[in-house]
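The values are calculated or read from the model by the stated rules, or taken from the named source; none is laboratory data. The model shown is predicted, which means the values in this text are computed figures rather than measured ones. Counting neighbours? That spans all protein chains shown, and the Cβs are built from the backbone with ideal geometry, glycine included.
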Amino acid sequence: MTLLNGILAFGAAAFAIPLLIHLLNRSRFRTVSWGAMHLLESVLRVNQRRVRIEQIILLLIRCAIPIVLAFCLARPVLTGWRALPGDAPTSMVILLDNSYSMDTADNGHARLAKAIDHAAQIVAALPRGSEISIVRTGGEPSPLLERPIFDAKTMARQLQQVRGGYGASDPAKALESGLGILAGMSHARRDLIFISDFQQSDWDVTTPDRMAKIRRQIDSMPIRPTITLLDLGDTVEENISVDSLEFSARALGANEDLQIRANLRNHGSKAYDAVRLRFQIDGAEQTGSQIALPAKATAQTLFTCRFPVAGSHLVAVEAAADDRLATDNRCEAAVPVLDRIGVVLVDGAPSNQPLEGETDFLAVALTPYTYGRAKLSDLIETKTISPGELDEKALTEARVIILANVPKLKDEQVELLSRYLGGGGSLLVFSGNKIDIAWYNKVLFSDGAGLLPLPWNEVAGGVGGEEKPLRIVSQHFEHPALEIFNNRENGNLADAEIHKWYRLGQASPNAADPFVLARLESGDPLIVQRQFGEGSVVQVATACDAEWSNLPMRPIYLPLMQQLVTTMASEATPPSNFPAGQPLVAVLPGQSQASPLGLTTPDGARHTVQPVPRGTQSVVEYAQTQEPGVYTLVGADAQPLHFVAQVSRTESDLRMLDATRIQSLAAELGADGVSSAAEYSALDRSRRHGREIWRVLLAGVLGLMFLELALEQRFARVRT
Amino acid sequence: MEGFCSGLHRSPHKGFSVEFKEHRPYVRGDEVRSIDWKIFGKTDRLYIREHEQETNLRSTILLDTSGSMGYCGVRAGGISKHHYAVRLTACLAYLMLEQQDSVGLVTFDSEVRRYIPPRGRASHLRAILDELGKSRPQVETELAQVFHELAAKIHRRSLVIIISDCFGDVDQLLKALARFRHARHDMIVFQIWDPDELDFPFRQWTQFESLETPAHRRLVDPAHLRQAYLENLKRFRDQLTAGCHRHRIDLVPMTTDRPYAEALASYLAIRRRLK
């Protein structure tokens, strides 16, 4: 505790005045020769002890009055929290919530703008030499600048660059991040300020264990930080959001129909009879629709579109609503439209006769228009080569490599395939009567370390014998490649008869179990898949020609192979739509893309990214995708590649923590709650300089005077 | 009234006197000399002639000269309770002697200091005034004991006037007064108060020193005791008033800032009622 007018504290010596008066009164009494002593005596007999106690009480109060008054005039300041001089520089971390709920408009101004304003005021008020770090908590917590800086002006300028619209905050992670940064800062005074709208959905998922962990983290810090919660939020009842756009992940070719399903949600209690939806492709409005959105309900609407030109396209669905949060009324997605999918068929048993070669049926199934001489063009472009022709050049042009009854490969070819798969390629392996099982199992499976998902075991079934053919189990297919067969209108896989196949062995204990796409009636896996590096390998237990099964003769063969190959091709392509915060990955064909590329981020800034060779391809990775929105990569061929960083719509539920919960949260963290920078400044002053208590003391003086008066009256009352 | 000297007061006794009252038939035992022989001569019947006798008032004033009567407050104009009582006594004595009543005086504190028997002569006033002039308030009071003693001493029925502050045990005092009443004395008690004793006006620290026992001192903050004192005083006065009323004793409270005329008026009013 310190005294601002310390000299006046000596006035406390005035406590002696009532004491002296009391003593003087006792010593300078008047003497009265009194007759009615018998009346006085009886009063004294009953009241003497009481009167003495009352006199002591009154004397104490009267002595206390000048003491408290002097103390009040001396302007005492409580400095219980203060460990350093008031103007000592501080190390401060501001956790700034820039999740998209902060875009909510309050009186025409976004909450984020207010948050930035408050943060700027707080930063501007810091003592010289203070160390500052600002962490944006939207999505993943990310510091505004890589390291804390000592320049408040620079930080104030940087604050103005903070953009909103980010995904849901993880308050616990943000606090952990902030405390972690604070632990590495230099000053002996540490402040952590969390500026947020304190959205209920964010805190509801924060478990008590996480909070306890944070509490332990705070307690374990050598210098305990002061924590302040600056609440800017109030609950908003009405809000609708376009939650997501869903469409098939299968590779899409030009002029193919694509169905896009928009999911909408009404978070409020007000029902919308007709929400107008706008569907846009590459910024141009295509069509519109209206949808009824009952209170607290979800709804879906379907848009069908077609892209005449191959390339990367942007689609968007926007709901025209007048709610206070406009950010979530629009949802975007990138749709890659392929010009062609290069598929290399490695034929292990070629033939000059029609449909006698190992890959002949496959080539027809993958390029039906070409073989049918139709006007339409195939999405897939096949190239059939012999096993000896499998080299780097062949792999460069291929999205999918198909090994059909290939007896064995050279070691360098295996190495090449490994690199190809590691860079995100896809490999489809069919068995056949020519494959060298021992080589496959030893080299390609290699006890789980190789490319092959499972080892080949013995041949099962037989052709032309008495063995009964087996059928594919018609189950519910989980894999995207076979999903269409869940609808029987698209064909029934069980129509095909498999006469001969390889039984597949067990996966290596060291490797993950492969995913079984389809099984035979005997339970033997027919189609299995596993990841290898960035790519994937699909292994089929039977041959792709008509020798071991009648599959190529069945109508389902074409869609099966088309789906399998296009799905593999699209799986090999990194997603164009990914959760914000995950790295943006673009795979460019060949290793020739060595020149830097331009990347435009959602804030409009242009960055230069350098592709790196991976396998037989080039890969661009960009990790700074915290900000949701469209990232556009412009390659050497000037064709833009769009990527959309998406966020979940949990932030669209605009219910905020009420005052009670914020108080309990503050109590749990040992924090103080404020609602503005001005309040924080007052709180900070009290923390730095202590809290002036002269008002309390003045009230105390008045209270003592009143008490003295009341007791004086009370004690004078009759007591006989 | 009953008295030896004829005065203004009517005597309850019938006897020899010039004031004829009535005739009544003679009964055995009547004095022969009371027979009205003129009536006998006319009617041959014996009648007794009765006369109404006028007697003087026989009164005794008991003056308290204890130390507590020496108190003199500021508002009393320098007149202590004792001075006030002495003057009141002198007035009453003069008034009664002027009415040819007999008046006596007893001064007392813890015991009877001086007893002047009732006389009706005008020169008796001198003796009373001399005694009053010599009296000084001193020592303690023992009202009950003194009154018991005096009740035994005053045989003839008379008017007993007590001038005192009546400080002491109320029950004992009332018992003593009851004894006067038992002896069929009429009684008037002039209770003398100083205004200070009635409102306890002291504020600053005060050492109260007993007038009766000077060694008895009490240093107190009067402000804290005032209410309790006043309550105690009220209870004392209520007890005394109720007791006097019960014994049909006239209690006349007097404060030393009031004129004597009020006291005398009170006395005369009471006498008028007694006639």
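Can you find even one residue in the stretch A:328-336 that is of a type in the set (A, V, I, L, M), closer than 25 Å to A:Ala645 by Cβ, touching a Lys or Arg at 6+ places or on another chain (Cβ under 7 Å) and modelled with pLDDT of 90 or more? Checking the stretch A:328-336: not a single residue is of a type in the set (A, V, I, L, M), closer than 25 Å to A:Ala645 by Cβ, touching a Lys or Arg at 6+ places or on another chain (Cβ under 7 Å) and modelled with pLDDT of 90 or more.
Reported count of residues in the stretch A:249-267, each being outside any strand (DSSP E or B) and surrounded by fewer than 18 Cβ atoms within 10 Å (Cβ to Cβ), is 4. Do we have A:Val516 as within 16 Å of A:Phe485 (Cβ to Cβ), at pLDDT 90 or above, in the same structural domain as A:Glu356 (by TED's automatic domain parsing) and in contact with a Pro (Cβ under 6 Å, 6 or more places away or on another chain) here? Yes. Scanning the stretch A:600-635 for residues that are in a strand (DSSP E or B), among the aliphatic types (A, V, I, L, M) and touching a residue at least 40 places away in the same chain (Cβ under 8 Å) yields A:Val619, A:Val630, A:Leu633. Show the residue pairs that are 6+ apart or on different chains and have beta-carbon atoms under 9 Å apart, the first residue being within the stretch A:213-238 and closer than 24 Å to A:Pro89 by Cβ and assigned to a loop (DSSP other than H, G, I, E, B), the second being at pLDDT 85 or above and among the small types (Gly, Ala, Ser). Partner pairs satisfying both residue conditions: A:Met221/A:Ala183; A:Pro222/A:Ala183; A:Ile223/A:Ser91; A:Ile223/A:Ala183; A:Arg224/A:Gly670; A:Pro225/A:Ser91; A:Pro225/A:Gly178; A:Pro225/A:Ala183. Scanning the stretch B:102-122 for residues that are buried (at least 19 other Cβ atoms within 10 Å of the Cβ) and part of a loop (DSSP other than H, G, I, E, B) yields B:Asp109, B:Gly120. One residue stands out in the stretch B:243-267 among those that are without any contact (Cβ under 8 Å) to a residue 12 or more places away in the chain and either within 12 Å of chain A (Cβ to nearest Cβ) or in a loop (DSSP other than H, G, I, E, B) (or both): the one that is surrounded by the fewest Cβ atoms within 10 Å (Cβ to Cβ), namely B:Pro259. Residues in the stretch B:81-101: is at least one outside any helix (DSSP H, G or I) and either of a type in the set (A, V, I, L, M, F, W, C) or not assigned by TED's automatic domain parsing to the domain that holds B:Leu211 (or both)? For the stretch B:81-101, residues outside any helix (DSSP H, G or I) and either of a type in the set (A, V, I, L, M, F, W, C) or not assigned by TED's automatic domain parsing to the domain that holds B:Leu211 (or both): absent.
If the condition is being outside any helix (DSSP H, G or I) and surrounded by 18 or more Cβ atoms within 10 Å (Cβ to Cβ), then the stretch A:148-162 contributes A:Pro148, A:Val162. Could you say whether any residue in the stretch A:540-553 is surrounded by 24 or more Cβ atoms within 10 Å (Cβ to Cβ), in contact (Cβ under 8 Å) with a residue 12 or more places away in the chain, in the same structural domain as A:Thr359 (by TED's automatic domain parsing) and more than 17 Å from A:Glu358 (Cα to Cα)? Taking every residue of the stretch A:540-553 in turn, none turns out to be surrounded by 24 or more Cβ atoms within 10 Å (Cβ to Cβ), in contact (Cβ under 8 Å) with a residue 12 or more places away in the chain, in the same structural domain as A:Thr359 (by TED's automatic domain parsing) and more than 17 Å from A:Glu358 (Cα to Cα). Residues in the stretch A:22-34 that are surrounded by 13 or more Cβ atoms within 10 Å (Cβ to Cβ) and more than 7 Å from chain B (Cβ to nearest Cβ): 1 in all. Highlighted here are the strands (runs of 3 or more DSSP E) found entirely within the stretch B:146-242 that include at least 2 residues which are assigned by TED's automatic domain parsing to the domain that holds B:Leu88, among the aliphatic types (A, V, I, L, M) and buried (at least 21 other Cβ atoms within 10 Å of the Cβ): B:159-164, B:186-193.
Let me confirm something: among A:Val51, A:Val43, which residue is within 11 Å of chain B (Cβ to nearest Cβ), part of a helix (DSSP H, G or I) and either closer than 20 Å to A:Leu709 by Cα or basic (Lys, Arg) (or both)? Going through A:Val51, A:Val43 in turn, just one is within 11 Å of chain B (Cβ to nearest Cβ), part of a helix (DSSP H, G or I) and either closer than 20 Å to A:Leu709 by Cα or basic (Lys, Arg) (or both): A:Val51. Filtered by the rule that a residue be at pLDDT below 85 and of a type outside the set (A, V, I, L, M, F, W, C), the stretch B:190-215 gives B:Arg203, B:Gln204, B:Glu212, B:Thr213, B:Pro214.
Applying the selection to the stretch A:151-192, what residues are free of Cβ contacts under 8 Å to residues at least 40 places away in the same chain and farther than 16 Å from A:Asn98 by Cβ?
Selection gives A:Asp151, A:Ala152, A:Lys153, A:Thr154, A:Ala156, A:Arg157, A:Gly180, A:Ala183, A:Gly184.
Screening the stretch B:191-228 for residues that are of a type in the set (S, T, N, Q) and touching a residue at least 60 places away in the same chain (Cβ under 8 Å) and picking the one that is farthest from the other protein chains (Cβ to nearest Cβ) gives B:Gln191. Out of the residues in the stretch A:417-435 that are out of contact with any strand residue (DSSP E or B) (no Cβ under 6 Å at 6 or more places or on another chain) and under 20 Å from A:Ser508 (Cβ atoms), which is surrounded by the fewest Cβ atoms within 10 Å (Cβ to Cβ)? Going through the qualifying residues, I end up with A:Gly422. Please determine, by comparing only the residues of the stretch A:452-472 that are in a loop (DSSP other than H, G, I, E, B) and at pLDDT below 90, which one is surrounded by the most Cβ atoms within 10 Å (Cβ to Cβ). Only one residue fits best here, namely A:Pro469. Only one entry in A:Val473, A:Val459 is in the same structural domain as A:Gly523 (by TED's automatic domain parsing) and within 16 Å of A:Val528 (Cα to Cα), namely A:Val473.
Annotation: of all residues in the stretch A:677-720 being within 14 Å of chain B (Cβ to nearest Cβ) and at pLDDT 85 or above, the one that is surrounded by the fewest Cβ atoms within 10 Å (Cβ to Cβ) is A:Leu709.
Between B:Val220, B:Val189, the distinction of being β-branched (Val, Ile, Thr) and within 26 Å of the chain's Cα centre (by Cα) belongs to B:Val189 only.
Mind checking whether some residue in the stretch A:588-603 is among the small types (Gly, Ala, Ser), in contact with a strand residue (DSSP E or B) (Cβ under 9 Å, 6 or more places away or on another chain), under 20 Å from A:Gly422 (Cα atoms) and surrounded by 22 or more Cβ atoms within 10 Å (Cβ to Cβ)? Spell out how you get there, then give the answer.
So the first thing to find is which residues in the stretch A:588-603 are among the small types (Gly, Ala, Ser), and the list is A:590, A:592, A:594-595, A:598.
Now restrict to residues that are in contact with a strand residue (DSSP E or B) (Cβ under 9 Å, 6 or more places away or on another chain): A:590, A:592, A:594, A:598.
From the residues that got through so far, the ones that are under 20 Å from A:Gly422 (Cα atoms) too are A:590, A:592, A:594.
Then drop every residue that is not surrounded by 22 or more Cβ atoms within 10 Å (Cβ to Cβ), which leaves none.
Checked against the condition, which is being among the small types (Gly, Ala, Ser), in contact with a strand residue (DSSP E or B) (Cβ under 9 Å, 6 or more places away or on another chain), under 20 Å from A:Gly422 (Cα atoms) and surrounded by 22 or more Cβ atoms within 10 Å (Cβ to Cβ), the stretch A:588-603 yields no hits at all.
Scanning the stretch A:636-654 for residues being part of a helix (DSSP H, G or I) and out of contact with any Lys or Arg (no Cβ under 9 Å at 6 or more places or on another chain) gives a total of 2.
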